[in-house]
1. Condition first: part of a helix (DSSP H, G or I) and among the small types (Gly, Ala, Ser). Can you find one or more residues in the range 92-104 that meet it?
2. Do the conditions hold for residue 152, that is, is it part of a helix (DSSP H, G or I) and touching a Gly at 6+ places or on another chain (Cβ under 6 Å)?
3. Would you pick out the residues in the range 1-19 that are closer than 14 Å to residue 164 by Cβ, part of a helix (DSSP H, G or I) and not aromatic (Phe, Trp, Tyr)?
4. I'm checking my understanding of the structure. Among residues of the range 119-145 that are assigned to a loop (DSSP other than H, G, I, E, B) and polar (S, T, N, Q), which one is modelled with the highest pLDDT?
5. Just to verify a result, which residue in the range 32-70, among those that are within 21 Å of residue 106 (Cα to Cα), in a helix (DSSP H, G or I) and small (Gly, Ala, Ser), is modelled with the highest pLDDT?
6. Would you mind finding the one in 120, 124, 141, 136 that is of a type in the set (Gly, Ala, Ser) and touching a residue at least 60 places away in the same chain (Cβ under 8 Å)?
7. Inspect the range 100-110 for any residue being without any contact (Cβ under 8 Å) to a residue 12 or more places away in the chain and either buried (at least 17 other Cβ atoms within 10 Å of the Cβ) or under 14 Å from residue 48 (Cβ atoms) (or both) and give the result as yes or no.
8. Can you go through 111, 83 and tell me which one is within 13 Å of residue 46 (Cβ to Cβ), touching a helix residue (DSSP H, G or I) at 6+ places or on another chain (Cβ under 9 Å) and not β-branched (Val, Ile, Thr)?
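The values are calculated or read from the model by the stated rules, or taken from the named source; none is laboratory data. Fair warning: this is a prediction, and the values are worked out from it, not measured in the lab. Note that we place each Cβ from the backbone using ideal geometry, even for glycine, and neighbour counts take in every protein chain shown.
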Amino acid sequence: MILARLLAWVLLAVWLTWLFAIQARLGAGSAAAAWIPELGLVLAISILAHLEEREGPILALVLALSRSAFSSEPPVALLAGSLGLVLLGFGLRSVVELTGPLWRAIIAGGLVLVFDLWLALVHAARSLGAGPQVDAGPLLAAAATSALLALFASPVLARLPGLTPLRSRRW
């Protein structure tokens, strides 16, 4: 059982890395890059709906490491954002049913918006001499497309090959 869960975490890292690579490739040099959904975050939120609370830090670490391969943000900012996303997701999961389609889409869009806002603030703070200016348009576009992706594809994403041992939380 422990070996199966370890293999599932490795496969989750592989799936997340592939999804972030696809997202980076679709958004590279594209004028419509803001409309590309956060593929890896939607998968992480799909897994979070069924994950045990004690495994939240592992999910945050795997998410941050997978995203750091295709991101220019500092790894510490990605880890902090991932941990915040997981903790906020667990808090929201205790209030609403994340496996229901409508709530899943709303929560996924909100969590993507919060995560992207965090990264935009980190980027603005790192800019020399510039005040924290964040353009909300691309953030809202990514959140909206991620919510639509979560609405329609989240059940499929949570059942990707090798991830079954992570879906241990039953309702």
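1. Checked against the condition, which is being part of a helix (DSSP H, G or I) and among the small types (Gly, Ala, Ser), the range 92-104 yields no hits at all.
2. No.
3. Residues satisfying the conditions are 3, 4, 5, 6, 7, 8, 10, 11, 12.
4. Within the range 119-145, the match that is modelled with the highest pLDDT is 127.
5. Among residues in the range 32-70 that are within 21 Å of residue 106 (Cα to Cα), in a helix (DSSP H, G or I) and small (Gly, Ala, Ser), the one modelled with the highest pLDDT is 60.
6. Selected residue: 141, the only one of 120, 124, 141, 136 that is of a type in the set (Gly, Ala, Ser) and touching a residue at least 60 places away in the same chain (Cβ under 8 Å).
7. yes
8. Result: 111 is the single residue among 111, 83 that is within 13 Å of residue 46 (Cβ to Cβ), touching a helix residue (DSSP H, G or I) at 6+ places or on another chain (Cβ under 9 Å) and not β-branched (Val, Ile, Thr).
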